[in-house]
1. Could you tell me whether the stretch 108-121 includes any residue that is under 26 Å from E30 (Cα atoms), in contact (Cβ under 8 Å) with a residue 12 or more places away in the chain and aromatic (F, W, Y)?
2. Counting just the residues of the stretch 5-16 that are open to solvent by 20 Å² or more (accessible area, probe 1.4 Å) and closer than 14 Å to L62 by Cα, which one comes out nearest to the chain's Cα centre (by Cα)?
3. Quick one: which of V106, V93 is assigned to a helix (DSSP H, G or I) and buried (at least 19 other Cβ atoms within 10 Å of the Cβ)?
4. Exactly one of (1) outside any helix (DSSP H, G or I); (2) at pLDDT 95 or above; (3) of a type in the set (S, T, Y) is unmet by T36. Its number?
5. Can you find, within the stretch 39-62, the residue that is farthest from R9 (Cα to Cα) among those that are among the acidic types (D, E) and assigned to a helix (DSSP H, G or I)?
6. Please work out which residue is most open to solvent (accessible area, probe 1.4 Å), limiting yourself to the stretch 109-121 and to residues that are outside any helix (DSSP H, G or I) and closer than 20 Å to R9 by Cα.
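The values are calculated or read from the model by the stated rules, or taken from the named source; none is laboratory data. The structure displayed is predicted, hence computed values, not measured ones. Every residue, glycine among them, receives a Cβ derived from its backbone with ideal geometry; neighbour counts consider all protein chains shown. Just the protein is used for accessible areas: all its heavy atoms, side chains included, with ligands, DNA and RNA removed. Shrake-Rupley method; radii C 1.70, N 1.55, O 1.52, S 1.80 Å.
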Amino acid sequence: MNRREIRERIFKLLFRVEFYKAAELEEQKELFLEDTEDFPEDGIEKDKQEIAQKYDAVLEKLPEIDGMIDDKATGWSSRRMGKVELAIIRLAVYEICFDERIPTGVAINEAVELAKNYGQEGSAAFVNGVLAKFTV
């Protein structure tokens, strides 16, 4: 599985955060990772491990990430954002601020692509606008 596919799966897991209690998130992750029907045959366990590790890392930093989003998103708070856009932005902020392996430009571009695929009209521009404030 390539990085884009892994990122997309992490986004889908992060989307669930807004709909489940904290105590249920571990079970949601396990259920999500059990469904390997569309995973490539080779490397399933490696891909599942990478998805789980990054998802857990984002969850661990979620309060800090949300605070950073609230500080940078002028006129918006994380509580008012659309759930799709928020999940995308959370993942990208994690990559920009805490994952040294991912260049900032790549994190932003990938987030914009996710917004184009899963968001509504204007989502890509909104995501790009918020994340651009993390490059200054």
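1. So far as the stretch 108-121 goes, yes, one or more of its residues are under 26 Å from E30 (Cα atoms), in contact (Cβ under 8 Å) with a residue 12 or more places away in the chain and aromatic (F, W, Y).
2. F15
3. V93
4. Tallying (1) outside any helix (DSSP H, G or I); (2) at pLDDT 95 or above; (3) of a type in the set (S, T, Y), T36 fails exactly one: (2).
5. Initial filter on the stretch 39-62 (among the acidic types (D, E)): 41-42, 45, 47, 50, 56, 60.
Now drop any that are not assigned to a helix (DSSP H, G or I), which leaves 45, 47, 50, 56, 60.
Values: E45: 14, D47: 10, E50: 10, D56: 13, E60: 18 Å.
Per the stated criteria, the residue is E60.
6. Going residue by residue through the stretch 109-121, those that are outside any helix (DSSP H, G or I) are 119-121.
With the extra rule that they be closer than 20 Å to R9 by Cα, the set shrinks to 119-120.
Values: G119: 25, Q120: 133 Å².
The qualifying residue most open to solvent (accessible area, probe 1.4 Å) is Q120.
Let's see how each residue does on (1) open to solvent by 30 Å² or more (accessible area, probe 1.4 Å); (2) touching a Pro at 6+ places or on another chain (Cβ under 8 Å); (3) without any contact (Cβ under 8 Å) to a residue 12 or more places away in the chain:
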| residue | (1), (2), (3) |
| --- | --- |
| K29 | no, no, no |
| L33 | no, no, no |
| E41 | yes, no, yes |
| E50 | yes, no, no |
| A73 | no, no, no |
| R79 | yes, no, yes |
| I88 | no, no, no |
